[in-house]
Amino acid sequence: MPPVRPDLAGVVAQTRAGEVEGLISEGVTAFKGIPYAAPPFGSNRFRPPQPTKSWIGVRPAHEYGVVPPQSPYPEPFRHMLGDAGTAGEDCLNLNVWTPDPGAHGLPVVVWIHGGAFLRGSGAIPVYDGSRFARDGVVCVTINYRLGAEGFLWLDDRISNLGL
């Protein structure tokens, strides 16, 4: 993600689409809710993910982004995993935890949540990547389209739009 510059409210990093501001807590910098693709609705509904549009200025990356529409986890899973977050179609976003946003060569773990392609998100509390970052590993979690929006088979079209 470099280049990075410290800012009053946290750390600002440059992405291909624009600058994002993460927050530092207990030696870990977290960037949450960063869009990695254009919203998957309208003409993009049953197309592979399209590039996200660039933005001007610094985009706060302090909160988890919207998660894919889904039915809630049944008990006892809901109690164990926690809340998946606010659901909506503009869900193609990711979260990054890093011990040092300016470092190069750190190991990276990309966590793609489970849930039978019907439930889940990268924002479930149990998937918080802070522990990895405290051990010197960059952790990335993603949201992807679930259910029919991500995996509906449409004749000769690509049917794995979720991932």
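Nothing in this text is a laboratory measurement; each read-out follows from the coordinates by a stated rule. Everything numeric in this text was worked out from a predicted model, so none of it was measured. Here the Cβ positions follow ideal geometry from the backbone for every residue, glycine too, while neighbour counts run over all protein chains shown.
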Fewest Cβ neighbours within 10 Å first, please rank Phe117, Phe132, Phe41 accordingly. Phe41, Phe117, Phe132
Backbone HN-Hα couplings from phi across the range 137-148 [Karplus 6.51/-1.76/1.60, Hz, Gly and Pro as x]: 10, 6, 10, 10, 10, 10, 9, 9, 5, 10, x, 4
Can you tell me the relative contact order of the chain? Whole percent, Cα pairs under 8 Å, sequence separation 6 or more. 22
GNM flexibility winner over the chain from Ile56, Ile34, Ile124 (Cα, springs under 10 Å): Ile56
Ranking of Arg59, Arg134 by count of other Cβ atoms within 10 Å, fewest first: Arg134, Arg59
Return the tail of the calculated pair distribution for the range 14-163, meaning the percent of Cα-Cα pairs more than 22 Å apart. 42
Cys139, Cys91 arranged by Cβ crowding within 10 Å, fewest neighbours leading: Cys139, Cys91
Between the range 119-151 and the range 31-102, what is the C-alpha centre distance in whole Å? 9
